[in-house]
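Okay, structure first, notes after.
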């Protein structure tokens, strides 16, 4: 039995439905990440699970028990918010212990739980300090520790790293990954708009758009076989290049062409429908053509130097939308120069004109 099951979860505000029948199962010990653009419903869904928002219709079960009308304090969950929300006049120990004191837990057990959480999060030397003496990353760890001491069945994280600077986000993300390793039987659900966080933390990712689930899968499944153009361009950085093309059946195979006069021979024709399609290729799957048949020809419009890599923006004459290639940083390419780019046929993604995948395991 799944640790948590959502069946046809809907949420309505004043007659406007923002969650449209969410069906999802989360296994015990799984780290599941909800990801999507602002306004897609990911935080609303998390708050419905937490009991902070009333479910308009549908069923939420945790451990097989129906939770729709169960108050948040009795759902066996702990939530870490975007804001640390620490009490400034309390030490770290008292911040983590406060909820347990209110619940009437005995002092010895409180001390044991706080000490165990502090050891996991490497906060033990800081337990006597006040929040003002801590860095942002340390404060977020205290907020996580406050959730750990409740010994929940399910952890909920609502964009916990969004208030941190870039370096602290990376460091705290690693701490959360280590936390999951130290608590293998605890289910965790994490909300973020940052697909890098999703890719590096998740066992499975749930991609949401406009209150609906677009795709659920492992990070590699979503990266390699996105179900549609939305998922393809949301997962991966820089985003996948997508442009209109034509697919032809020739000699038992499939060939794809596009307006910039590029051509690529794909696999057997049976995997594809002939006619107008959308061609997708990730920037990291493009390389200088050399002796290979070029997929794109154009002129370099802009270069972003990233050290080990460089993002080469190439004007191929299609709707003023450049093709981006992620090339090694030591390649000598210059703005204004002509360039020819190629890709392996296995790295080409084909979508129909409605954006649904044609080739591979993600086809719908």
Looking only at segment 167-187, which residues are in contact (Cβ under 8 Å) with a residue 40 or more places away in the chain and under 14 Å from the mean Cα position of the chain (by Cα)?
none
Look through 191, 114 and report the one residue that is crowded, with 19+ Cβ neighbours inside 10 Å and over 26 Å from residue 235 (Cβ atoms).
114
Return the residue satisfying two criteria in turn: it lies in segment 267-277 and is within 25 Å of residue 321 (Cβ to Cβ) and over 30 Å from the mean Cα position of the chain (by Cα), and of such residues it is modelled with the lowest pLDDT.
273
Residue 24 - would you say it is in contact (Cβ under 8 Å) with a residue 40 or more places away in the chain and in a helix (DSSP H, G or I)?
no
Can you tell me which residues in segment 88-104 are modelled with pLDDT of 90 or more and in a loop (DSSP other than H, G, I, E, B)?
88, 89, 90, 91
Looking at 256, 213 in this structure, which one is in contact (Cβ under 8 Å) with a residue 12 or more places away in the chain and assigned by TED's automatic domain parsing to the domain that holds residue 326?
256
Counting only residues that are in a loop (DSSP other than H, G, I, E, B) and either in contact with a strand residue (DSSP E or B) (Cβ under 8 Å, 6 or more places away or on another chain) or buried (at least 20 other Cβ atoms within 10 Å of the Cβ) (or both), segment 137-161 contains a total of 7
For the subset of segment 59-81 comprising residues that are in a loop (DSSP other than H, G, I, E, B) and touching a helix residue (DSSP H, G or I) at 6+ places or on another chain (Cβ under 9 Å), which member is surrounded by the most Cβ atoms within 10 Å (Cβ to Cβ)?
67
Residue in segment 94-104 that is in contact (Cβ under 8 Å) with a residue 24 or more places away in the chain and closer than 27 Å to residue 202 by Cβ present
yes
Name the strands (runs of 3 or more DSSP E) wholly inside segment 210-323 in which the number of residues that are closer than 16 Å to residue 345 by Cβ is 1 or more.
241-250, 253-258, 263-268, 275-281, 296-305
Hey, does segment 327-337 have a residue that's at pLDDT 90 or above, crowded, with 16+ Cβ neighbours inside 10 Å and touching a strand residue (DSSP E or B) at 6+ places or on another chain (Cβ under 6 Å)?
yes
Against the definition (at pLDDT 90 or above and either surrounded by fewer than 20 Cβ atoms within 10 Å (Cβ to Cβ) or more than 27 Å from residue 25 (Cα to Cα) (or both)), how does residue 84 come out, yes or no?
no
Is there a residue in segment 324-335 that is closer than 27 Å to residue 247 by Cβ and part of a loop (DSSP other than H, G, I, E, B)?
no
What's the total number of residues in segment 229-263 that are within 16 Å of residue 355 (Cα to Cα), touching a helix residue (DSSP H, G or I) at 6+ places or on another chain (Cβ under 6 Å) and surrounded by fewer than 17 Cβ atoms within 10 Å (Cβ to Cβ)?
1
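The values are calculated or read from the model by the stated rules, or taken from the named source; none is laboratory data. None of the values given here were measured: they were computed from a predicted structure. Cβ: placed from backbone, ideal geometry, glycine included. Neighbour counts: every protein chain shown.
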